Structures are given as structure tokens and as C-alpha cells.
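The values are calculated or read from the model by the stated rules, or taken from the named source; none is laboratory data. Note that the structure is predicted; figures quoted are calculated from it, not measured. Here the Cβ positions follow ideal geometry from the backbone for every residue, glycine too, while neighbour counts run over all protein chains shown.
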Amino acid sequence: MKFCLIFILFTFFTTAQKIDPFSIELRPRVIDNAKVIVNIEITNNFNRPIDYLEGFLSEYSSSGDLLSEKKIVVLYSYEPALQTGFSSSRTAKFDLKNEKPPNYNFNISKVKFFGDSRVFAWHRKVGFIRID
């Protein structure tokens, strides 16, 4: 019986999914075959409210070449903190250069938590890195 219980617990620990602290959703929309408007929506899945959040929106060609990059501040310090489970969104505008629409990627560069003076960077594979 102990063996079955240990086996079940071990199975739960090995198959448990790690939840990312942020859910990032990008929605590009082509307007009049001349512009692309990208809506960036970030949901806070972390158990602490976020006071400041910024990142870079990268535009890649259909072949994978980097075309441009824009700095986007999703949440300013003077705005209400982003609580757990809530989301914030911003939009960015790009010119459409080819018939094939480009691909977009958003990378978080700075995160500051409410009530904390430290600034962190976040990467999907590494996690939080203190930068200030």
C-alpha cells in the first residue's frame, strides 16, 4: 500500500505543470492593407500585484528576419496595480510593407512589483532576474 501511495505522489510531482507568471496574447489586425495594429494583452498569473511592466514588441518577416522593435510600457507606476488574474492591454501600429503580414513577439524587459523597489526582468525559460 505504501508503494502505491508513493508511486501516486511521485506521478503527481513529475506531471505537475508549471504555470507561467504571465499570459501574453498578441492579436495583429491588418487595416486597409496598409497598416497592422497589434493588440498586446498581458494577464498577471503571479500571486503579487504588478506596479510597472514594460517590454519590447518585435516585428519579424515571414522568413524570420527582424524588421523592427518597439518599446511598449504596458503598465505605468501611476496606474492602479495589476492584481492577480487581471489583464492589461496596449496597442502598437506598424506599416505593412509586403503582402505577407509579419510575425510579432513580445518580450518582457522590466517588472516591478507593488510595494517593492527592486526591478526584475523576466524570461520564459529562466524566470525572474533582478536587474536593479
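Some observations on this one:
- If only residues of the range 33-56 that are of a type in the set (F, W, Y) and assigned to a strand (DSSP E or B) are counted, the one that is farthest from L96 (Cα to Cα) is Y52.
- Per the listing E79, E59, the residue uniquely part of a strand (DSSP E or B) and at pLDDT below 95 is E59.
- Criterion applied to S88, S63 was being hydroxyl-bearing (S, T, Y), out of contact with any Ser or Thr (no Cβ under 8 Å at 6 or more places or on another chain) and loosely packed, with under 12 Cβ neighbours inside 10 Å, and the one residue passing it is S63.
- Which listed residue, of V74, V30, is within 22 Å of H123 (Cα to Cα) and in a strand (DSSP E or B): V74
- Inclusion of T91 among residues that are of a type outside the set (D, E, K, R) and closer than 20 Å to G127 by Cα is not warranted.
Okay, residues lined up against (1) crowded, with 16+ Cβ neighbours inside 10 Å; (2) aromatic (F, W, Y); (3) within 26 Å of I19 (Cα to Cα):
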site: V36; (1), (2), (3): yes, no, no
site: P80; (1), (2), (3): no, no, yes
site: F128; (1), (2), (3): no, yes, yes
site: D132; (1), (2), (3): no, no, yes
